[in-house]
1. Name the pairs whose Cβ atoms lie under 7 Å apart, with the first residue in region 463-476 and within 14 Å of Gly515 (Cβ to Cβ), the second among the charged types (D, E, K, R) and not in a strand (DSSP E or B), and 6 or more positions between them or separate chains?
2. Can you tell me which residue is farthest from Ala561 (Cα to Cα) among those in region 487-523 that are open to solvent by 30 Å² or more (accessible area, probe 1.4 Å) and aliphatic (A, V, I, L, M)?
3. How many of the residues in region 525-567 are under 36 Å from the mean Cα position of the chain (by Cα) and either farther than 20 Å from Gly340 by Cα or among the acidic types (Asp, Glu) (or both)?
4. Do we find that Ile302 is open to solvent by less than 10 Å² (accessible area, probe 1.4 Å) and in a strand (DSSP E or B) in this structure?
5. Within region 527-566, track down each residue that is among the polar types (S, T, N, Q) and out of contact with any helix residue (DSSP H, G or I) (no Cβ under 6 Å at 6 or more places or on another chain).
6. Restricting attention to region 326-346, which residues are crowded, with 19+ Cβ neighbours inside 10 Å and either out of contact with any Leu (no Cβ under 8 Å at 6 or more places or on another chain) or within 22 Å of Val574 (Cα to Cα) (or both)?
7. Yes or no: region 373-385 includes at least one residue that is farther than 23 Å from Gly272 by Cα and either open to solvent by less than 40 Å² (accessible area, probe 1.4 Å) or among the charged types (D, E, K, R) (or both).
8. Counting only residues that are surrounded by 18 or more Cβ atoms within 10 Å (Cβ to Cβ) and farther than 30 Å from Gln95 by Cα, which one in region 255-271 is farthest from the chain's Cα centre (by Cα)?
Amino acid sequence: MERQGLPGLPILEADDTGNAPAGAAPVPVGIRAPDIETALRHAGLIAEEALARALLVQRESGERLVTVLTRLGLVPEGRLAETLAAATGLPLAGQAEILGHGVRAEPLSMAFLRESLCLPLALEPELIVAVADPFDDFVARALAFALGRPVRRVVAAASDIEAALARLDHDAAAPDTLDEAVDGEDLERMRDLVSDAPVIRAVNRLIAQASDARASDIHIEPTDDRLAIRFRIDGVLRDMPPLPAAMRAPLVSRIKVMAGLNIAERRLPQDGRLRLAVRGREIDLRVATAPSIHGESVVLRILDRGKLALDFASLGFDARVTAQVREAIHKPYGIVLVTGPTGSGKTTTLYAALAELNTPATKLLTVEDPIEYRLPGVIQTQVNPGIGFTFATALRSFLRQDPDVMMVGEIRDGETAEIAVQAALTGHMILATLHTNSAAGAVTRLIDMKVEPFLLASVLTGVLAQRLVRRLCPECRIPYAPDAALLAQHPERPLPALLYHPGGCAACGGSGYSGRLALLEFLPITEAVARMILASADARTIAAAAGEGLRSLFDDGLDKAGQGLTSLEEVLRVDSD
């Protein structure tokens, strides 16, 4: 039967005895570069100094160069795989083509496959194998020799191959093999357990999968018979394949070790932080543990600086709101507030404002709890209530640092509010967050904190309220015209003539949504609004005084739904007005 080949895949034939092909060239046909270093240089993917550093680490550690490059964060893993595929003329296999498609190929051991970073994908009529290093001709020759059949190769990311091998190994392993080890209280045994390579790979794989899925949080929740895993993607929790119950203690302990937490303390919540390279780029993670009846639960907040948007347009700001916010933050002094519930993107908006103000002529200071992202050119400080270093004490000390702009992570009490007002009165720009449901509600909240209305009216320059909604996937959104029943539900506001439903495609993982954007409501402090503040008016009266200068969150949501950026259902989910 004639073999159906895959285009561009070189074949290494085995002879009739199953030996490796005789007389084969040391480099397979189709390769455009002789080695990884040349391929990287040709693609301009890495500086010479960084490559020399990676080669030195490779020689000292004995690891493969593809592993060293991504582990040190020198090359993004996806770009590395693309470059190697292009340099060799081999097809590139993505994660979806690798995970769950590996097959066991006797007599090849899992140790050999892990060491070689290769994954058999099919055995008949020839062996199709994914490799991380297509320049390693020995691997293909060894496979051809061991299995006595032709070998076809595709290039894949090393972490995808490792994840597929782990899944293949797990499916074949007997369950509950770690129960005896993890049930004991002996800390030395626990340290031995968490240093085991499978646990390390499981944690690294979990974080890599979450990063690939654009998740903001990883929830690890022990139950009586398994370790439940959930990712928060675009603000919504999604179930992921669980891990066996035997992994509960070692997995959590491994994360605690990485975050510098006390693995012996399981009765109290703990907070920590860690940084590691994922897919060739460094990401930070905030770790929070809490005791439960089945063990410790863990939440990891992923802080990927590579995905941080520090411009207003990418956050969902239209031209009108962008102009209003810029006018407010560029004033020589005053207070600009960003309000909304937890997880509404307030801190990210403040970071975008800081990026706008960050110039060599401006000194920027922040006090946060915790510091979520590190910003070049900005002095960032984290509060520590345990030693008395609060937002209020930090603000007082900042005033002696000759700042131009100060960011306060959150105004939580009257003391912090009072110091912020005093700082604004002495010629500083204060950016801060506040927990209120609307922009006008921030004014009444500060008055409740005993801030004098006449002081507030003189220093407040603008209040921005926001909510985050899921962004419709542009590849599969479905347009529709609102029917009479839908129009009747909202008689007070005309709906757009065309709205969009979420569809579902491979690009968005079948959810119909991809990413998030902000719904915004900006309250400018006009003379009419200032008079209402002086009169200690309620939030509705203050909003009415703003007139057309204030567009509500719901109205902004309707505009964005009409543009196909989000759905009406998402707007109603976060703000029904």
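The values are calculated or read from the model by the stated rules, or taken from the named source; none is laboratory data. What you are looking at is a predicted structure, and each value in this text was computed from that prediction instead of being measured. Methodologically, a virtual Cβ is constructed for each residue, glycine included, from the backbone with ideal geometry; neighbour enumeration extends over all protein chains shown. Just the protein is used for accessible areas: all its heavy atoms, side chains included, with ligands, DNA and RNA removed. Shrake-Rupley method; radii C 1.70, N 1.55, O 1.52, S 1.80 Å.
1. Here the result reads Val469/Glu570; Arg470/Asp234; Arg470/Glu570, each pair linking region 463-476 to a residue that is among the charged types (D, E, K, R) and not in a strand (DSSP E or B).
2. Looking at the filtered set, the residue picked out is Ala506.
3. Qualifying residue count for the region: 9.
4. No: the conditions fail for Ile302.
5. Hits for region 527-566 are Ser552, Gln563.
6. Listed by number, the residues that qualify are Ala328, Leu337, Val338, Thr339, Gly340, Ser344, Gly345, Lys346.
7. Among the residues of region 373-385, not one is farther than 23 Å from Gly272 by Cα and either open to solvent by less than 40 Å² (accessible area, probe 1.4 Å) or among the charged types (D, E, K, R) (or both), which makes the answer no.
8. Within region 255-271, the match that is farthest from the chain's Cα centre (by Cα) is Ile263.
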